[in-house]
Amino acid sequence: MSDDFHKDLKLGDLGERMWSEHLRSLGHKNVSLSPKSHAVYWDVQIDDLGIRFEVKYDIKAWYWARKQDREPNLFLEFWSNTKGKECGILIVEADYLVYIIEELPHGVPIAYLFEVEQLVEHLRKASHDSVYRVTTNRINGNDNVKGWVTPVSEITKKSNGFIKTITLQNEEINRI
């Protein structure tokens with residue numbers, strides 16, 4: 001996530017297109033993006049199978065990891081401070097979460113694929129046990145959501161809903 005909302009939207013759209021192209025490269029012909037005309041809580045769908053994906057694209061994970069000399073974290077939003085209710089990972093209507101991290105401008109996009117139901121179950125239990133740090137997105141100048149800060153090595157354990165890591169192709173990144 002960046003500190004520019006419009007840039008975030010472009011990056012989000014790019015992540016969705018990259019994931020769609022990845023699915024097509026696997027032989028899925030009927031892949032669609034969520035309609036932008038009204039609110040839906042999924043981003044990409046394999047139409048003939050009815051499988052839906054929520055796609056997150058984070059260009060700051062590696063920036064902060066290097067700056068703080070640590071591994072990258074995934075920021076999983078769960079509470080809207082402005083609306084006072086659950087949001088993000090807790091309300092998606094997707095079967096899978098695809099969380100893409102990349103170091104810009106020339107990094108390789110890496111997608112982490114999770115089964116949403118198992119991931120949410122893990123995050124709720126982890127929240128009860130205070131496993132992950134909870135913070136807002138104020139680092140990007142907003143402070144409008146709360147989320148779990150999950151180190152990649154911890155959240156990518158199989159019992160957490162993690163399925164696999166996928167290296168994506170990205171031809172469009174330099175156009176943003």
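Nothing in this text is a laboratory measurement; each read-out follows from the coordinates by a stated rule. For clarity, every value in this text was computed on a predicted model and none was experimentally measured. Here the Cβ is made from the backbone with ideal geometry for all residues, glycine too, and neighbour counts use every protein chain on show.
In the chain, taking the dipole from charged Cβ atoms about the Cα centre, the farthest positive-side position among V31, V134, Y99 is held by V134. With K and R counted +1 and D and E -1, the other residues having a Cβ less than 15 Å from that of Q45 yield a net charge of -3. Lys-Lys pairs in the range 5-170 that are eight or more residues apart or on separate chains and whose Cα atoms lie under 14 Å of each other come to 6. In plain terms, the residue of D129, D143, D8 with the fewest other Cβ atoms within 10 Å comes first and the most crowded comes last, giving D129, D143, D8.
Using the Karplus relation 6.51 cos²θ - 1.76 cosθ + 1.60 with θ = phi - 60°, the per-residue 3J(HN,Hα) values for the range 81-92 come to 5, 6, 9, x, 7, 4, 8, x, 4, 7, 10, 4 Hz, with x marking Gly and Pro.
Estimated at 0.36 nm per residue, the fully extended path between W64 and N81 surpasses their Cα-Cα distance by 3.8 nm.
For every helix of n ≥ 4 consecutive DSSP H residues, a contribution of -39,500 (n - 2.57) applies; sum these over the chain, divide by its total residues, and give [θ] at 222 nm rounded to the nearest 500 deg cm²/dmol.
About -8000 deg cm²/dmol.
Loop sites here are GluC sites (Glu not before Pro) outside DSSP states H, G, I, E and B with no more than 13 other Cβ atoms within 10 Å. The longest part of the chain free of them is 1-92. Per residue, the average separation of C-alpha pairs within less than 8 Å and at least 6 apart gives the chain a relative contact order of 23 percent. If you look at the Cα atoms of the range 5-170, you get an Rg and a Dmax of 15.4, 44 Å.
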